[in-house]
Structures are given as structure tokens and as C-alpha cells.
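What follows is a single structure, written as C-alpha cells, with notes after it.
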Amino acid sequence: PRVCVVGSGPAGFYTAQHILKHHGRALVDIYEKLPVPFGLVRFGVAPDHPEVKNVINTFTQTARSERCAYYGNVAVGRDVTVPELRQAYHAVVLSYGAEDSRVLGIPGENLPGVYSARAFVGWYNGLPENRDLKPDLSCETALILGHGNVALDIARILLSPLQLLRKTDITDSSLAALACSKVKRVWLVGRRGPLQVAFTIKELREMINLPGARAVLDPADFTGLENAVKDAPRPRKRLTELMIKTALEKPGGKAVEVQAGAAASREWGLKFQRSPQEVLPSADGRRPRGVRMALTRLEGSGDSAKAIPTGDVEELECGLVLSSIGYRSLPLDPAVPFDSQRGVIPNSSGRVQGVPGLYCSGWVKRGPTGVIITTMNDSFDTAQSVLEDLQGGVLDMSPSREGFGAVESILRSRGVRPVSFSDWEKIDAAEVARGRAAGKPREKIVDPAEMLRLIGH
């Protein structure tokens, strides 16, 4: 059986891995629109979290299998359509992730100085489409809307001492911009309360222990919460206890700060029960001067609590706004059903509704939530559906499916030259060599044209 996977992030690679492992004759081709593989492992994981990127070693083993092939620089939906892939393969799995951001839907969100978290993370991680972002970091206060891990990642990158970032694979140009940054205060604002934050304890602890930055949490936000979390699941309980402990700690009480000889010069804090209503422009309209917030009260409890506006408003001053309220998947091809309300492909255990032989895995299957391990389990689930359908005779196994042979002539007729995995390994080697010269694990190439020149395309 010839199977094709669209997207080379964790969802795509884990799906391919599971099919290859459990079907001794299956051939899997992975298509990726960028020349380089690994999706959000390369472009989403924070540069100072190298251990999370170790999954790349597993993905590389999969790509090097003689029954697996990688075709980068091929945009499915443009260079080749999904119906064309379905003609060429017995099964097609869409694992192309979430390439857009949820919008705030408020006045002022398109002002200069307002960025989506996705674009900002893409900028410091070398995602080609965000390489020219040039965020304005000349203000003292930044406001991040959202209480998830991505919001904490951004706060940490904005406030990290440069010597910590210099040892990572953060891009050269963003390092230069951060070196000139005036940002010394970051507020992370959420619509709901401390019991509904979406970040995890590891990320919070890192933020609390960030050298040269102190946490500003209002003890009043945490009154009575010890009782409320008594029966909460353990991760939620520990997370809340850490926030309470941090809120009650006296400033300057940390030995680290005493050693540094001065109090922390930078600070960050969490603000709760505030919902953005409008980004307010500066007098010249060139940047935000603040965000008008509706104060909210909570109805219900736990994860299902809803934030209801109280009618009161307040203005939070800032010169930089980052919206971290979630990623969003987009439809890829008119031939594929898409639920634009939920931003997913309608499916059952990864089988696309009403289209036999078409599957989906990862964020485009279940929505943009969870960490790499969540995506792994979800992708194994989809791969299992493919294997069951192959074994149960559900799929048309006619021998006329030529796989890449058929796709190659289509791509050639459209002037598209795919990038192979060994081509990627040349780009990889060049990045690592450039990084070594600068004392970093790698220096990412951010321009696809330069990547293609490097491999002689």
C-alpha cells in the first residue's frame, strides 16, 4: 500500500512512524510545503527548550527508512491537489497543522505594534514567513493576551538575559533586536482566573526562576484558593500552590537577587479576569498606548467557568501587544470537508467524514491544543484507523496507484522541484556549521531561496 502524509510536523511523522512499524510492506511519502521538515518542533518550540527538540532524532530515523520518502518544497493544494494525491495513493493523511491565528475581533488589533503570538514565535524561531516581522521593542511595557505556555514562552524570551539566549538556536536577527529591546515589564492577561490558566508548572517555574526578573502577583487574586484546589487534580493543585506561594513571597526575599547586588531590573506578572475590548492607539497612531479591558466575573467553576463582563472597564498601559489566544487551522483544498467554526476537518478517529481513503491527524484533526505527546497519541490513533482499513479491505487496493511516480510528473509539469531528505541534511549541516562558528547549536537559514541555492536547486 502507498500512503501519503501531508505535513512533516509531529503529527505527520508520528503517523508515518506508526504505519511503517505496523505494516511491513507499506510505503509512506511525506509532503511538506517548506524545504525543511519538523513543523512546530523546529518553528514553535522555544529556543531555550532544546530537550523538547530531541524528537527530531526519532523523526530522522523514520525519514531514513527505505520505505519512507520526504518531499519538501511542495505545497499541497497549490502545487498538487488533494484529489490528485488520492488518485496516486491508496490512503492520504492530512497532518498540516494550524497555520493561522485566532483573531481577537476587537478595534485596534491591526495597529502597528500588535502581533499574533504565532508570528512573534515564528520570527524568533526563523519561520520563513515571519522573517521580516521587525517587531518594535522600543517600549518598556509589553502586554500578552493569553495564559498558555506560548504566552509564557514569549514573556521569557522578552525578559531573558542575552547571555542565556546566545547559546540557543534563536535567529541572529531576533537576537540583535532583543539586544536593543527596551522592554522591562511584561503583563500576561487572561479573561478568567488563576484556576483556569492553561500553562503548565514547568513553564511557570522557569519564569519564576528567570535570572534578573521578578514575579509580580497580587495576593488578592489568590485569596481563598487553597480551599478551592483541595480536590482539584494534582497538576492543577501544584500549579495553583506555586502561584499562591509566589504571590505571598516578599519582594527581595530571594537570595539570588541579593547575590546579584541589586533587585531585579525586569518584572512580569499575571493579571486575571480581564477581557480585551480595544487596543488604544498612541497619538501618532504608530503603536498602541494601551488596551481597554472589560473586567469580568466567573460563572461556573473549573475549566468550564465562563468569563462574563461586569460592566466595569480599565485601561492597561503598554507599547507592545501580543495576542496569544490560540492557533487556527485553515482549509487546504476545496475537495476536503472543513468545519470553519471549529477549525478542524470533520472526522471520526481520523477518518475524514464522507471521503473514504482520506484521513487527518494532529491539530487539523482535533484543534490546536496539547503538547507533542498529545499529538503522538492522536497520530497513532489515526494511523491505527488507516491500518484497520488496509487490513479490512475498506480501501481500494488497485495496483494502478503509482504514488510519487504519478505526482512527480504533475509537479514537473508545474515547474515544482521537491527537496529530498538528503537535501535537508545538507541544509542542516550548513546551519550547524554556521552555528558552531557563533557558539550556538545552529544558525537557522530563514530564507527558502537561500536554502534552495545551497542544495543547487
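The values are calculated or read from the model by the stated rules, or taken from the named source; none is laboratory data. Predicted model only: the values in this text are computed from it and were never measured. When we count neighbours, we look across all protein chains shown, and the Cβ atoms used for this are built from the backbone with ideal geometry, even at glycine.
Would you mind stating whether Ala232 is free of Cβ contacts under 8 Å to residues at least 24 places away in the same chain, at negative phi and surrounded by fewer than 21 Cβ atoms within 10 Å (Cβ to Cβ)?
So Ala232 fails the test.
Given the options Arg292, Arg287, name the one that is modelled with pLDDT of 95 or more and either within 29 Å of the chain's Cα centre (by Cα) or of a type outside the set (A, V, I, L, M) (or both).
Residue meeting the stated conditions: Arg292.
Being closer than 14 Å to Gly193 by Cβ, at pLDDT 95 or above and in contact with a Ser or Thr (Cβ under 8 Å, 6 or more places away or on another chain): is that true of Leu217 here? So that I can check it myself, show each step before the final result.
Numbers: closer than 14 Å to Gly193 by Cβ: yes; at pLDDT 95 or above: yes; in contact with a Ser or Thr (Cβ under 8 Å, 6 or more places away or on another chain): yes.
Yes, satisfied.
Taking the stretch 173-186 on its own, how many of its residues are farther than 15 Å from Gly113 by Cβ and surrounded by 15 or more Cβ atoms within 10 Å (Cβ to Cβ)?
Residues of the stretch 173-186 that are farther than 15 Å from Gly113 by Cβ, as a first pass: 173-176, 178-180, 184-185.
After this cut, where a residue has to be surrounded by 15 or more Cβ atoms within 10 Å (Cβ to Cβ) as well, the list is 173-175, 178, 184-185.
Result for the stretch 173-186: 6.
So, restricting to helices (runs of 4 or more DSSP H) that lie completely within the stretch 312-419, which ones have at least 1 residues that are small (Gly, Ala, Ser), on the phi < 0 side of the Ramachandran plot and touching a strand residue (DSSP E or B) at 6+ places or on another chain (Cβ under 7 Å)?
Correct list: 372-391.
So the check is Cβ under 8 Å with 6+ separation or different chains; which pairs have a first residue in the stretch 404-419 that's closer than 19 Å to Ile30 by Cβ and of a type in the set (D, E, K, R) and a second one that's modelled with pLDDT under 95 and surrounded by 13 or more Cβ atoms within 10 Å (Cβ to Cβ)?
Arg417/His457
May I ask you to list the residues in the stretch 73-110 that are closer than 16 Å to Val3 by Cα and within 21 Å of the chain's Cα centre (by Cα)?
In the first step, residues of the stretch 73-110 are kept if they are closer than 16 Å to Val3 by Cα; the result is 76, 80-96.
Of everything in the stretch 73-110, those that are closer than 16 Å to Val3 by Cα and within 21 Å of the chain's Cα centre (by Cα) turn out to be Val76, Val93, Leu94, Ser95, Tyr96.
Select from the stretch 138-152 the residues that are surrounded by fewer than 23 Cβ atoms within 10 Å (Cβ to Cβ) and touching a Gly at 6+ places or on another chain (Cβ under 9 Å) and write down the one among them that is nearest to Gly269 (Cα to Cα).
The qualifying residue nearest to Gly269 (Cα to Cα) is Thr141.
Any residue at all in the stretch 367-379 that is modelled with pLDDT of 95 or more, outside the structural domain of Lys167 (by the TED database), surrounded by fewer than 20 Cβ atoms within 10 Å (Cβ to Cβ) and not small (Gly, Ala, Ser)?
So far as the stretch 367-379 goes, yes, one or more of its residues are modelled with pLDDT of 95 or more, outside the structural domain of Lys167 (by the TED database), surrounded by fewer than 20 Cβ atoms within 10 Å (Cβ to Cβ) and not small (Gly, Ala, Ser).
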